Amino acid sequence: MIIIVDRIEGGFAVAELEDGSHADIPLGELPEGTHEGSVLKKTERGWELDPDEERRRRERAAELTRKLFGRR
């Protein structure tokens with residue numbers, strides 16, 4: 001399972017789940033360094049940051065923005 005942190009509010013990460021739904025996850029359950037936009041994957045040891053997937057998603061979003069606004 002992969003989640004994306006949408007925002008952090010009052011000790012919880014509001015995260016988008018793979019099915020498009022949202023869940024509030026206590027920050028204490030997430031690894032240090034979790035921030036808005038973090039991509040995390042569930043493993044046997046718990047949640048782990050996935051910086052490679054986060055980078056790919058940010059690059060894709062930037063590419064789509066450039067195409068939308070006609071910039072190269």
* Can you tell me which of GLU36, GLU59, GLU53, GLU32 is under 14 Å from MET1 (Cβ atoms), of a type outside the set (Lys, Arg) and either part of a helix (DSSP H, G or I) or under 15 Å from the mean Cα position of the chain (by Cα) (or both)? -> GLU53
* Which of the residues belonging to segment 22-53 are open to solvent by less than 100 Å² (accessible area, probe 1.4 Å), touching a residue at least 24 places away in the same chain (Cβ under 8 Å) and among the acidic types (Asp, Glu)? -> ASP50, GLU53
* **Residue list for segment 5-21, filter: open to solvent by 50 Å² or more (accessible area, probe 1.4 Å), in contact (Cβ under 8 Å) with a residue 12 or more places away in the chain and under 23 Å from GLU59 (Cα atoms)** => ASP6, ARG7, ILE8, GLU16, GLU18
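The values are calculated or read from the model by the stated rules, or taken from the named source; none is laboratory data. The structure presented is a predicted model; accordingly, all values stated were derived computationally and were not measured. When we count neighbours, we look across all protein chains shown, and the Cβ atoms used for this are built from the backbone with ideal geometry, even at glycine. Protein only, heavy atoms only, side chains kept; ligands, DNA and RNA dropped before computing areas. Shrake-Rupley method; radii C 1.70, N 1.55, O 1.52, S 1.80 Å.
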